[in-house]
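Engineer: A single structure is presented below for examination.
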Amino acid sequence: MKTLVRGRVLTFHADPADSADNHDYHENGAILIDAGRIVAVGDHADVAARADAAGAALIDHRPHIVMPGFIDPHIHFPQVQVIASWGEQLLDWLNTYTFPAELKFADAAHAGAMAGAFLDLLLAHGTTTACAFCSVHPESAEALFAGAQARGMAMVAGKVMMDRNAPDGLLDTPQRGYDETTALIARWHGRDRLRYAISPRFAITSTPEQLRAAGTLAAEHPGLHVQTHLSENRAEIDFTLSLYPQARDYLDVYDREGLLGPRTLMGHAIHLGARELARMADTGTRAIHCPTSNLFLGSGLFDDHSARAAGVVTGVATDIGAGTSYSMLATLNEAYKIAQLQGRPMHPLQAFHWATRGNAIALGMEDEIGRIAPGRHADLVVLDPRATPAMALRADAAGSLAEELFILQIMGDDRAVAQTYVQGRAMKG
Ligand code: GUN
Ligand code: ZN
C-alpha cells in the first residue's frame, strides 16, 4: 500500500543553535510512503512522478505543515488521572496524589484501559514516540508495551523499581525489581519498535541495594536506556543527601552504582552544581527539561543554556502527570517562557528541532526517529497554524515559516494537530 502525503514538509538535519544550515523545507512538498516507510521526500513535482508510477493513493494535507512526529522523552503513563492535582510540591504531591493513583495499576484491566487511553492521547497530540515510566507492577509495563506494539509505535518504557518510602502496594525489593525487570527485558526489548528502560524511580524510593541492582542490570544489558529523576526540588535533594551521606552530591548517588552514560535520562536536573554538570557531560548523561511540570510543582527553572554550555545533551518533555499538557507544543510554549526569564528567547526553529530530532538525539535514537528521510518509518505530525479562530487571525499577519511555527508553539495544542501518522497509518480521529 503506497501513499503520497502532500503538504508543507519540514524536517531538521542539524540544531539551529549550532548551524545556520539546519532544516529542509518544501513549501509545495510531498512524502511517498510504502509499507510504512518513507520512500521519497521533497518537492511535490519530483516525488509525484515516482508516486504516479507507483500508483500511490493521495492524501492532501495542504496547506498544513508536515513534520516528524513529536518525541516525549519523560512521561509517566500511570499518571493519566493525576494531572491537575492541586496544591502540593513534589514530595507531598507524590504521597497525596501520585502513589494512590499508581496503586491501581496492580490491576491488569485498569492498566490496559489506561494504556490505551494514554497512547491515544499521545497520538492525538502528535507524539509518536515516548520514553515512559510505568508503575512498579509488571502488569503496567505489559499493558503499555502491548498497546504501543498494536499501534506500531517506537516506545521506550520500563516498570519503576522502588523499595522504600512509598505505600506497601508500590514496593518491590532489590531482588524482585531485578527479576521482574529482567523478565520484562527478555519479553519486550527489541520486539518490533519497543525498547526497555531500566527505571529506578529516584534515589528516595530506592535503597542503596536496589540502586546497585539497577546498576547490575545496566551492566548486564549495555545499550538499554536508564531513566530516573535528579535534583528536581530542594526538599527532595535534602532528603536524598540525608539518605546517601557518602555521596558527594545527588548525581553521585547514581554515579556510584554505574547508572550514568549516554543512554541515561535524568528527568528535571534543575538544581545542579558545576561538578554535576561536568560529570554529566563527561559521561554523556542526558538532562530532560520538563517545563510545565517544573512550573506546576514550583520546582524551579531548568537552565538549558548552562547545561548545553557545559556540554550536556538536553531533551524537552511533558512529564505528565506533574506536567500539565500532553502537547509538545504547549510544552515548548512554557520552555520559551522559562528561557525568556533567563534572558534567552528560544527561536521557534530551535524549539521544533528540540521536540523532534533533538529529542531523538537525547534518546540516542536519531538514526530511527525524529527526521523525515528515505528509509525511515513514516512517523509524522500534520500541524495547522490556523487551527483556532485566534490562531487564524494571528496567522493572517504572519510573514514567514518561523512566525507560523511560533504561533503553533505559543497558541497550539491538540487542536492544531490535523493528523498523526505512525508507520504511515493515520492515528487521529
Ligand atoms: N520524582 C520521582 N517520581 C516522580 C514523579 O512521578 N514525577 C515527578 N515530577 N518527579 C518524580
Ligand atoms: Zn518524572
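The values are calculated or read from the model by the stated rules, or taken from the named source; none is laboratory data. Predicted model, so just to flag it, every value in this text is computed and none were measured. Counting neighbours? That spans all protein chains shown, and the Cβs are built from the backbone with ideal geometry, glycine included.
Engineer: For residue 45, state whether it is away from ligand 2 (no atom under 16 Å from the Cβ) and either in contact with a Ser or Thr (Cβ under 8 Å, 6 or more places away or on another chain) or at pLDDT below 95 (or both).
Structural biologist: Considered against the rule, which asks whether it is away from ligand 2 (no atom under 16 Å from the Cβ) and either in contact with a Ser or Thr (Cβ under 8 Å, 6 or more places away or on another chain) or at pLDDT below 95 (or both), residue 45 comes out as no.
Engineer: Looking at 141, 132, 113, 109, which is the one that is away from ligand 1 (no atom under 14 Å from the Cβ), of a type in the set (A, V, I, L, M, F, W, C) and either touching an Asp or Glu at 6+ places or on another chain (Cβ under 6 Å) or under 30 Å from residue 376 (Cβ atoms) (or both)?
Structural biologist: Residue meeting the stated conditions: 141.
Engineer: For the condition within 30 Å of residue 196 (Cβ to Cβ) and either acidic (Asp, Glu) or assigned to a loop (DSSP other than H, G, I, E, B) (or both), what is the one hit in 399, 429, 321?
Structural biologist: 321
Engineer: Within region 224-234, is even one residue in a helix (DSSP H, G or I) and at negative phi?
Structural biologist: Within region 224-234, one or more residues are in a helix (DSSP H, G or I) and at negative phi.
Engineer: Identify all residues within region 249-270 that are more than 16 Å from ligand 1 (Cβ to nearest atom) and either assigned to a loop (DSSP other than H, G, I, E, B) or over 14 Å from residue 226 (Cα atoms) (or both); write none if there are none.
Structural biologist: Those that are more than 16 Å from ligand 1 (Cβ to nearest atom) and either assigned to a loop (DSSP other than H, G, I, E, B) or over 14 Å from residue 226 (Cα atoms) (or both): 249, 252, 256, 257, 258, 260, 261, 262, 263.
Engineer: Let me ask something else about it. In region 298-315, which residues are more than 13 Å from ligand 2 (Cβ to nearest atom), within 23 Å of residue 406 (Cα to Cα) and touching a residue at least 60 places away in the same chain (Cβ under 8 Å)?
Structural biologist: 308
Engineer: Still on this structure, please answer the following. Taking residue 164 as the residue in question, decide whether it is in contact with a helix residue (DSSP H, G or I) (Cβ under 7 Å, 6 or more places away or on another chain), outside any helix (DSSP H, G or I) and at pLDDT 95 or above.
Structural biologist: It is true that residue 164 is in contact with a helix residue (DSSP H, G or I) (Cβ under 7 Å, 6 or more places away or on another chain), outside any helix (DSSP H, G or I) and at pLDDT 95 or above.
Engineer: So residue 111 fits all but one of (1) crowded, with 18+ Cβ neighbours inside 10 Å; (2) within 15 Å of ligand 2 (Cβ to nearest atom); (3) over 30 Å from residue 25 (Cα atoms); what number is the exception?
Structural biologist: Just one mismatch for residue 111, condition (2).
Engineer: Then there is this: Would you pick out the residues in region 291-347 that are hydroxyl-bearing (Ser, Thr, Tyr), within 16 Å of ligand 1 (Cβ to nearest atom) and closer than 16 Å to residue 269 by Cα?
Structural biologist: 292, 293, 299, 318
Conditions (1) of a type in the set (Val, Ile, Thr); (2) part of a loop (DSSP other than H, G, I, E, B); (3) over 22 Å from residue 153 (Cα atoms), marked per residue:
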| site | (1), (2), (3) |
| --- | --- |
| 349 | no, no, yes |
| 370 | no, yes, no |
| 373 | no, yes, no |
| 406 | no, no, yes |
| 418 | no, no, no |
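Engineer: Picking from 349, 295, which residue would you name as being closer than 26 Å to residue 415 by Cβ, within 16 Å of ligand 2 (Cβ to nearest atom) and surrounded by fewer than 24 Cβ atoms within 10 Å (Cβ to Cβ)?
Structural biologist: Answer to the check: 295.
Engineer: May I pose another question? Of the residues 216, 181, which is surrounded by fewer than 22 Cβ atoms within 10 Å (Cβ to Cβ), more than 18 Å from the chain's Cα centre (by Cα) and either away from ligand 1 (no atom under 14 Å from the Cβ) or in a loop (DSSP other than H, G, I, E, B) (or both)?
Structural biologist: 216
Engineer: Take the conditions among the aliphatic types (A, V, I, L, M) and part of a helix (DSSP H, G or I) and apply them to residue 117. Does it pass?
Structural biologist: The answer is yes for residue 117.
Engineer: Shifting gears a bit: Failed condition for residue 51, given (1) touching a Leu at 6+ places or on another chain (Cβ under 7 Å); (2) assigned to a strand (DSSP E or B); (3) free of Cβ contacts under 8 Å to residues at least 60 places away in the same chain, with all others met?
Structural biologist: Only one criterion in (1) touching a Leu at 6+ places or on another chain (Cβ under 7 Å); (2) assigned to a strand (DSSP E or B); (3) free of Cβ contacts under 8 Å to residues at least 60 places away in the same chain is unmet by residue 51, namely (2).
Engineer: Can residue 271 be described as touching a Lys or Arg at 6+ places or on another chain (Cβ under 8 Å) and either within 19 Å of residue 136 (Cβ to Cβ) or in contact (Cβ under 8 Å) with a residue 60 or more places away in the chain (or both)?
Structural biologist: Spelling it out, it is not the case that residue 271 is touching a Lys or Arg at 6+ places or on another chain (Cβ under 8 Å) and either within 19 Å of residue 136 (Cβ to Cβ) or in contact (Cβ under 8 Å) with a residue 60 or more places away in the chain (or both).
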